[in-house]
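Worksheet: the structure to be examined is printed underneath.
What follows draws every value from the coordinates through simple rules; no lab data is involved. This is a predicted model, so every value here is computed, not measured. Glycine also receives a Cβ, built like all others from the backbone with ideal geometry; neighbour counts cover every protein chain displayed.
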Amino acid sequence: MAIPLSHIVFIEEQAAGIGKSAKIVVHLHPAHPTKEPGPFQSSKNSYIKLSFKEHGQIEPGRVRAVGIVGIERKLEEKRKETDKNISEAKEMVELSKSIANKIKEKQGDITEDETIRFKSYLLSMGIANPVTRETYGSGTQYHMQLAKQLAGILQVPLEERGGIMSLTEVYCLVNRARGMELLSPEDLVNACKMLEALKLPLRLRVFDSGVMVIELQSHKEEEMVASALETVSEKGSLTSEEFAKLVGMSVLLAKERLLLAEKMGHLCRDDSVEGLRFYPNLFMTQS
């Protein structure tokens, strides 16, 4: 079917109703006196309605399909968008590798200042050469190389966070830096278990509650407990949430620190309907 555009006044959409599909309403100019005879000599309406078998929601110049057809179309659009993003991500990884090689080989006229700038670019983009199974296989060698890389990228964040981070925080931080080469939780745990054996500056620690953390080898337990005792003593008593807010750490780690101080006899607890609250252990400090 074809209608000359000169016959059309305007087009509008008629929404679907109960038992009715959406339609396109085409408003037409009055018939020309010289019009050839058609199926009908005349009509009281100056428009025609168009409907479609796919029962789509129709807009002028575009079909916005719903149902299975619409879902398939949307999935195809999403796939194309994902492919485009992956392509752009690969370009960024290649760029970071190129910069890393330049720094490593010192090719060309790269000054010391430029080297520092390149390193800062790499840090902002993520890990330039992430350790992968394709490079080192899936055995012990892979986890050893991964542990070495973890030690390199976690040193500064740990120092900024007081020397300790939960394994959940580490997992998010590392995968954000690795870009497309994501780590599984199992690989991260296996790599962290090798940190101490490889004499790296980090170690994996498991608290009595089962919470796993990564901490610096220089992180002193006695200093951590003494700091917790001092903070609680200043305030009189604290919950895990209050302590976390004061020292600027996660509630999970704050609770573990307080529990450790309690275990060593420096704090005692009041576990009531209002929650768990820690107090200085006066039985140990006052006779």
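Computed FRET efficiency, Cβ-Cβ of Cys172 and Lys80, R0 25 Å: what is it to the nearest 0.05?
For R0 = 25 Å, the calculated efficiency reads 0.30.
From the Cα gyration tensor of region 129-287, with a ≥ b ≥ c the square roots of its eigenvalues, which class applies: rounded if a/c is under 1.5, or else prolate if a/b is larger than b/c, or else oblate?
prolate
Quick check: pseudo-label points 7 Å beyond the Cα along Cα→Cβ at Ser250 and Ser21, how many nm apart are they?
Going from the Ser250 label point to the Ser21 one covers 5.4 nm.
Report the net charge of residues surrounding Met194, where surrounding means a beta-carbon distance below 15 angstrom and charges are Lys +1, Arg +1, Asp -1, Glu -1.
Around Met194, the charge tally is +2.
Filter Lys235/Lys255; Lys20/Lys78; Lys193/Lys220; Lys148/Lys199; Lys20/Lys49; Lys148/Lys193 down to the pairs with a C-alpha to C-alpha distance above 21 Å, please.
Lys20/Lys78
Compute the label zone of Asp271 within region 188-227: residues whose backbone N is under 20 Å from the point 7 Å along Cα-to-Cβ.
207-212
Between Gln155 and Lys263, what FRET efficiency follows from the Cβ-Cβ distance if R0 is 22 Å, with the result rounded to 0.05? Kindly include the intermediate steps, with their values, before the conclusion.
On the way: r = 28 Å, r/R0 = 1.29.
Rounded to the nearest 0.05, the efficiency is 0.20.
Can you compute the modelled spin-label distance between Ser43 and Arg203, with each label point 7 Å from Cα toward Cβ, in nm?
8.7 nm
Stretched out fully, how many nm does the piece from Lys235 to Glu36 gain, at 0.36 nm a residue minus the Cα gap?
Details: separation 199, 0.36 × 199 = 71.64 nm, distance 9.63 nm.
Full extension of this stretch gives 62.0 nm more.
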